[in-house]
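Below: the structure, in structure tokens.
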């Protein structure tokens, strides 16, 4: 009986895992072309956003944003500063580094960076 419950639990975990989840390494490879195509863009809060929903963009953004959030949290904790301050500073830097023509969130709307 115990083995049956373990098998049921393992099956539940297996089937509840998103099929389209991607690894961080895969997301890093896909990020540059997705930004160049205008599918994803930088937000002022330090995270990516989906500009045009297409297969895989949501998963890509989630993988990158999860990694960014972890890095921001480590930085904030290590320096004893507010997480929101780290996110805001990272957002400003990311937008500053964004090449002309790629998408940024400005005034609540996605626009090409001038």
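The values are calculated or read from the model by the stated rules, or taken from the named source; none is laboratory data. These figures come from a predicted structure and were not determined experimentally. Virtual Cβ from ideal backbone geometry, glycine too; neighbours counted across all protein chains shown.
Can you tell me which residue is farthest from the chain's Cα centre (by Cα) among those in the range 60-73 that are under 15 Å from residue 29 (Cβ atoms) and surrounded by 18 or more Cβ atoms within 10 Å (Cβ to Cβ)? In this case the residue turns out to be 60. Could you look through the range 83-114, keep only residues that are in contact (Cβ under 8 Å) with a residue 12 or more places away in the chain and part of a loop (DSSP other than H, G, I, E, B), and pick out the one that is surrounded by the most Cβ atoms within 10 Å (Cβ to Cβ)? Restricting to residues being in contact (Cβ under 8 Å) with a residue 12 or more places away in the chain and part of a loop (DSSP other than H, G, I, E, B), the top hit is 102.
Considering only residues in the range 1-40 that are in contact with a helix residue (DSSP H, G or I) (Cβ under 7 Å, 6 or more places away or on another chain) and either modelled with pLDDT under 55 or not in a loop (DSSP other than H, G, I, E, B) (or both), the one that is surrounded by the fewest Cβ atoms within 10 Å (Cβ to Cβ) turns out to be 20.
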